[in-house]
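Following: one structure in structure tokens, then a few remarks.
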Amino acid sequence: MKSSKTSFTVAVALPFVASLGLAFACATPNANAAQLPGQLRDFTPEVSASVWEEDEDQVGSVCLNGHELISFHCPKDSQEAQIKAEELASKIQDLLDDKKFAIDELIPTRSGNQAVIQVQGSPVLSFEVPAQSEETLEKGCRSQALRVSWKFVNEIRTALGAPTLPAEFLRLSERAGGDSARIQKLVSCFSGTASWYGPHFHGRLTSDGHRFDQEKMTAAHRSLPFGTKLLVMNRKTGATCVVEVNDRGPFVGDRVIDLSRGAARQLNMLSDGVAPVACLVIGSTN
């Protein structure tokens, strides 16, 4: 196979911002405790775009610190791959050069087959994602767009020394609908062990002053505000449910959430008593 390659590099200098907070708590609770605001390394991320010919195609690639973010395959006579790579590299550079840029505010979303990155609910970067193999159905394109956006955000977070968003974030975002309007409401994600409580506490007052109904979709959390809505996924089975925080707990070991009997039933964890879960904050009733 005959190929030729030319490349160009756009260097991006981003000053260290000591005050950046980490709004996404996306590891286990113990790991989160070790990640303190301001503990980001002083990096100078480098955006690069390359183009080369491969058989009858022109291939354009965009990388961040040597890690490929995306590649475009187009007919070599069209120069389209080079144009797309150059334009996207420029957009990423503009994003990183933005003086208001805060790593903890980046949220991966999508709109149709467009990968979108948002900051405080507003899109700051969007681009069309190339179709993958023969899977060009609308649903498949949307899923791929969200995955590419998630990859972009994680590469940027890695380049700046911040914790990455786990795979649970992507899976739960897809289950939440995967669209911009709903994902922009996400505040944080966390994972760990969930338990459930029921008959012994049924009818008693919860920490928010209401009567506990073991069949309602509620949960106890140690610190989240009352009224917080959580999308919870059983990581073993993939079963999901939405619960509202109305109580405090659990106060046993390293458990991260205590679910009502009704919620535990939907997550298929009644018999086991505990289950590994991933949770997304998706809104509030307040």
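Each value in this text was obtained by applying a stated rule to the coordinates, not by laboratory testing. All figures in this text were calculated on a predicted structure; none of them were measured in a lab. Note that each Cβ is placed from the backbone with ideal geometry, even for glycine, and that neighbours are counted across all protein chains shown.
Using the basic label-point model (7 angstrom from Cα toward the beta carbon), what is the GLN79 to ASP57 distance in nanometres? A separation of 2.1 nm, rounded to one decimal place. Secondary structure note: in the stretch 187-284, about 75% of the DSSP beta bridges are antiparallel. In this calculation the C-beta distance from SER223 to HIS67 is compared with R0 = 30 Å, giving a FRET efficiency of 0.30.
Along its first, second and third principal axes, ordered by size, the stretch 187-284 spans 32, 31, 24 Å in Cα coordinates. Rounded to the nearest 0.05, the FRET efficiency derived from the C-beta distance between LEU270 and ARG204 at R0 = 25 Å is 0.80.
Model label points for ARG248 and ARG171, set 7 angstrom from Cα along the Cα-to-Cβ axis, are 3.2 nm apart. Other residues with beta-carbon under 12 Å from the beta-carbon of PRO199 carry, at +1 per Lys or Arg and -1 per Asp or Glu, a net charge of 0.
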